1. Tell me, what is the percent relative contact order of chain C, built from C-alpha pairs under 8 Å that lie six or more residues apart?
2. Per-residue ellipticity at 222 nm for chain D, helices alone: DSSP H runs ≥ 4 residues times -39500 (n - 2.57), over residue total, nearest 500 deg cm²/dmol?
3. How much area per residue is accessible in the protein assembly as shown when the probe is 1.4 Å and only protein heavy atoms are counted (Å²)?
4. Under a 5 Å amide H to amide H cut-off, with H placed in plane at 1.01 Å, what residues pair with A:F149 once short-range neighbours are removed?
5. Which chain C residue comes nearest the axis with its C-beta when you rotate C onto B, and by how many angstrom?
6. If you put a point 7 Å past Cα along the Cβ direction, how far is that point for A:F175 from the same point in each other copy, in nm, smallest first?
7. If the elastic network links every pair of Cα atoms under 10 Å, which of B:M105, B:M159, B:M171 fluctuates the most in the Gaussian network model of chain B?
8. Measure nothing fancy, just the Cα-based angle from helix D:119-145's long axis to the longest principal axis of chain D, in degrees from 0 to 90, nearest 10.
Number of protein chains: 4
Amino acid sequence: MAPKPDVSEERKDQILEAATRVFTQRGFDDARMDDIVAESGLSKGAIYWYFDSKEAIIVAILDRIFYWETAHIQKNISSDLGAAKQLELFVQASIEEMHKIEPLMPLFFDFWTRSLRNPTINQAIKRYYQLFLEIIEPIIQQGISTGEFRPVDVKQSAMTIGAALEGTILMWAYFPKIIDFDKQFRITLDILLQGLVANELTSVRD
Amino acid sequence: MAPKPDVSEERKDQILEAATRVFTQRGFDDARMDDIVAESGLSKGAIYWYFDSKEAIIVAILDRIFYWETAHIQKNISSDLGAAKQLELFVQASIEEMHKIEPLMPLFFDFWTRSLRNPTINQAIKRYYQLFLEIIEPIIQQGISTGEFRPVDVKQSAMTIGAALEGTILMWAYFPKIIDFDKQFRITLDILLQGLVANELTSVRD
Amino acid sequence: MAPKPDVSEERKDQILEAATRVFTQRGFDDARMDDIVAESGLSKGAIYWYFDSKEAIIVAILDRIFYWETAHIQKNISSDLGAAKQLELFVQASIEEMHKIEPLMPLFFDFWTRSLRNPTINQAIKRYYQLFLEIIEPIIQQGISTGEFRPVDVKQSAMTIGAALEGTILMWAYFPKIIDFDKQFRITLDILLQGLVANELTSVRD
Amino acid sequence: MAPKPDVSEERKDQILEAATRVFTQRGFDDARMDDIVAESGLSKGAIYWYFDSKEAIIVAILDRIFYWETAHIQKNISSDLGAAKQLELFVQASIEEMHKIEPLMPLFFDFWTRSLRNPTINQAIKRYYQLFLEIIEPIIQQGISTGEFRPVDVKQSAMTIGAALEGTILMWAYFPKIIDFDKQFRITLDILLQGLVANELTSVRD
DNA sequence: GATGAATGAGGATTCATTCAT
DNA sequence: TATGAATGAATCCTCATTCAT
């Protein structure tokens, strides 16, 4: 008899995809395990065979999303390019990613809320943002070194860029019809770059 | 006989303050009505006498916060001042407000999450952000008119500023030890202003 | 100062009328004291000033209805008339009473159910039925004595008549559109009288 | 591995029997789900696994009783017999059924009361009474055709018989010690038959 | 007499999780 | 592996009744 093929990963995918749909639609707390059972087409026992608890499913979903996201973040933007150009490329890539996970937005709100009381989720999000900043920082650093950017504080400036992008996503969740996401991202980048590039004014403040 | 003094506002405050403490600490979904009962020092019946449901309580809390916040947002920043200066003052005022509601941050995550499925909460937050933008826009408009700022798109630029500030708050929730809130806000403002002020470079791109 | 007029009875009426409306519409168990408060236009305290409990109100309503009903039952149907004629008059009077309390029918169901566990209500209903039978019995007795009726068992025959009328009311509650109440009552009386009057057949059986 | 035997019908029976005992004893509104849990020997969850709500349980009980009753009502009383004889047999069968459901009488009061506000219960009872009438009507019809009965209105006469029997049950609930159920049923039948059979008197009235 | 805010025991229902099969 | 019936602690909310004013 041929060894039974391992369907573990397949089943887990099946469950996580079903759970993602359910969570997206009803929110973590309003979603019922039975909803996931129904949506997945599996049985209650099967769900619990692959995942210890509802919370474990939530964490697994987060892991997948962030693993996937992380894998796609361009870590190796060629430093041959100018810093501004690199940031542009990075923002461009971010926009593309954003559009891919757009339908999952509701999940992120739940993750944010849950991260306050679930250390695992908190760590995952933190790591993700960290990674995000770790890409921006060297670019800014390069920009300053080459004189392309003003001698700003690298970490704080990176944080400003990251915050501006994250904030745009948040605002967009409330004004999806008003905000043209791509355009807004580019406008924001434009202003930020203008604020970073070196010119005779070192600071607007006296 | 002295007329019985109306204590209903007092009671509502009592309940909302207790609920705020409970929700902040345990999150809306993990909070139990009994926690609020215990924390408020009132009875179960009294809570339900003043509020129809647990959900009604969180809506009332949001209303109070936003009513209070809204009342304190400086709408009348003197237009005698330069646009950059006005933005500075606005950010300064925002920082001060932020510090006042800092302990309530966990609640905002709950608000964000619940706003996806509770239209009342959604509207309240939307209105608040709207108000926020409506203060920034005229300042930018003035800056452009006087030539102090580049001829940027007013609405989109206001959104950039708003998003940057909101995003900073979000990031700060994850890196409270790393981010010096006040400094970060000011750095961000500095970069944004640099990006808005008029100078020979119209755009860093191309 | 003129002595304050006693409004007790007036208030009690006010409460009982409101309660009757509420109970009729929602049933005893689904009705809330607050419904009665609202319907009566009085305060919670006032209700409890005049009645000790919800159950007391129910009993009071029953008492009023049965007192009123009882008072209207024709006890002194002239025995100068034939027994059949007397029964006819009695049924005629019953029909008229029925129409008066028709809107209260739902209450009777509640009374019936409650009488199983509330001795006071049970006694009241029992007394009422007893009274009913006590009117019919002498008529039948008279009919037998005068030879107008067959020598049936008086008590059991009275019960048959009473049961037929009560049963008609019950059926009518389920088939209000099919049953013409007045006609049905008269048909039933007709058959019963036919069954009671003396004729050569003493019994249809054997 | 032997397939797990389907115990769902068994469980439902178990629950409905326990609930019947509880409802009979305490009445629907006074009965607590915990009483049913205790009486059934199952868990709270099991009860709710099989029935959606307390209301659903009483509906199911009614359904079973009426289904069983309906199945036992003799629809095929041989028309070779005389109409009077058929009615006798029918009443005899009814008496036997009555004795079987005698302990459930208290439930019927709850059914009657709830039928006012629960369409499902209302329909069930209506259907049952309808069925009852549909058995009596053809017998009367036959009696009239053969000249055994007077030319009475079939539907109304059937209603009279049905009402008399139902009414007897109702009265008996109040005078269980006074009424000898079987005898009373037979007396009633006797009078009704006497009222239906043809003889020279067409009507007792004038 | 009258008010209505306050009480709190009680109750129906939910739902994550378990486990015998 | 997989099933789904069974568990029962937990939870929100109700509502008859009370009582200070």
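1. 18
2. Calculated at 222 nm, the ellipticity per residue is -24000 deg cm²/dmol.
3. With the other protein chains kept in place, the protein assembly as shown gives 47 Å² per residue.
4. A:I144, A:A198
5. C:G45, 4
6. 2.6, 7.0, 8.3
7. B:M171
8. On a 0 to 90 degree scale, this one is about 20.
The values are calculated or read from the model by the stated rules, or taken from the named source; none is laboratory data. Bear in mind the structure is a predicted one, so any value in this text is a computation, not a measurement. Don't worry about glycine lacking a Cβ; one is built from the backbone with ideal geometry, like all the others, and counts go over all protein chains shown. Surface accessibility is based on the protein's heavy atoms, side chains included, excluding ligands, DNA and RNA. Shrake-Rupley method; radii C 1.70, N 1.55, O 1.52, S 1.80 Å.
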